[in-house]
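Q: Below: one structure in structure tokens.
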Amino acid sequence: MNETIHAPQGEITIRAATLDDAAALRELRLEALTGNPIAFTADPAKTAAEPPEAWAERIARNEAGEEGMIAVAEAGGGLIGMAGLEREHWPKTRHAAFIWGVYVRPGWRGRHVAEALLSECLAWARGHGVVVAKLGVATHNAPAIRCYTRCGFTVYGVDPQTILHEGVYYDELLMSRAV
């Protein structure tokens, strides 16, 4: 399912990542991790050590199965945003999925790109029998919390001291919504 958003800078296409996106997706993810170290639990150095082929393998697994998907936002010939969804793997928990890596480049924020990316992930989830989507968001990240709330997510708990960055611990809100 592709969606087009009309913005002052031009059209934004929301779609599932393809193998051709692997290198650009890796670079976008590194940008997100290095520019927003408290917003993501993933480590920039470990992610940088992964070659583009690792992203291609992840995309290929998603295309071949029912494990998840990565939605991308594309504008002007490049990727400007991403969001991933990964389904739980145990038979007793496959009805649930986790949203990860939601990121929109700063110049494209405020145009509901993140909401469209989440919508793409949730549409995939609905089509694959997922009934609940969950995510974690740093408690201080008010813009992200507002975005997730607009998308129907509600807080069900707090994960204390989830992220340690430069000697400071940060909590995460745990949020979920029915798919």
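Q: Restricting the search to the stretch 138-179, which residues are touching a residue at least 24 places away in the same chain (Cβ under 8 Å), in a strand (DSSP E or B) and of a type in the set (Ser, Thr, Tyr)?
A: Within the stretch 138-179, Thr162, Tyr170, Ser176 qualify.
Q: Name the helices (runs of 4 or more DSSP H) wholly inside the stretch 1-106 in which the number of residues that are of a type in the set (Gly, Ala, Ser) and buried (at least 18 other Cβ atoms within 10 Å of the Cβ) is 1 or more.
A: Result: 22-35, 52-64.
Residue-wise test of (1) touching a strand residue (DSSP E or B) at 6+ places or on another chain (Cβ under 7 Å); (2) at pLDDT 95 or above; (3) surrounded by 21 or more Cβ atoms within 10 Å (Cβ to Cβ).
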{"site": "Trp124", "(1), (2), (3)": "yes, yes, yes"}
{"site": "Val131", "(1), (2), (3)": "yes, yes, no"}
{"site": "Thr139", "(1), (2), (3)": "yes, yes, no"}
{"site": "Ala142", "(1), (2), (3)": "no, yes, no"}
{"site": "Gln161", "(1), (2), (3)": "yes, yes, no"}
{"site": "Val168", "(1), (2), (3)": "no, yes, no"}
{"site": "Asp171", "(1), (2), (3)": "yes, yes, no"}
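Q: Also, quick follow-up: If I ask for residues that are within 23 Å of Ala60 (Cβ to Cβ) and touching a helix residue (DSSP H, G or I) at 6+ places or on another chain (Cβ under 9 Å), which ones from the stretch 4-19 would you list?
A: Residues satisfying the conditions are Ile14, Arg15, Ala16, Ala17, Thr18, Leu19.
Q: Scan the stretch 95-102 and give yes if some residue there is in contact (Cβ under 8 Å) with a residue 12 or more places away in the chain, touching a Gly at 6+ places or on another chain (Cβ under 9 Å) and more than 20 Å from Cys147 (Cα to Cα), otherwise no.
A: Checking the stretch 95-102: at least one residue is in contact (Cβ under 8 Å) with a residue 12 or more places away in the chain, touching a Gly at 6+ places or on another chain (Cβ under 9 Å) and more than 20 Å from Cys147 (Cα to Cα).
The values are calculated or read from the model by the stated rules, or taken from the named source; none is laboratory data. Since we're looking at a predicted model, the values are computed, not measured. Counting neighbours? That spans all protein chains shown, and the Cβs are built from the backbone with ideal geometry, glycine included.
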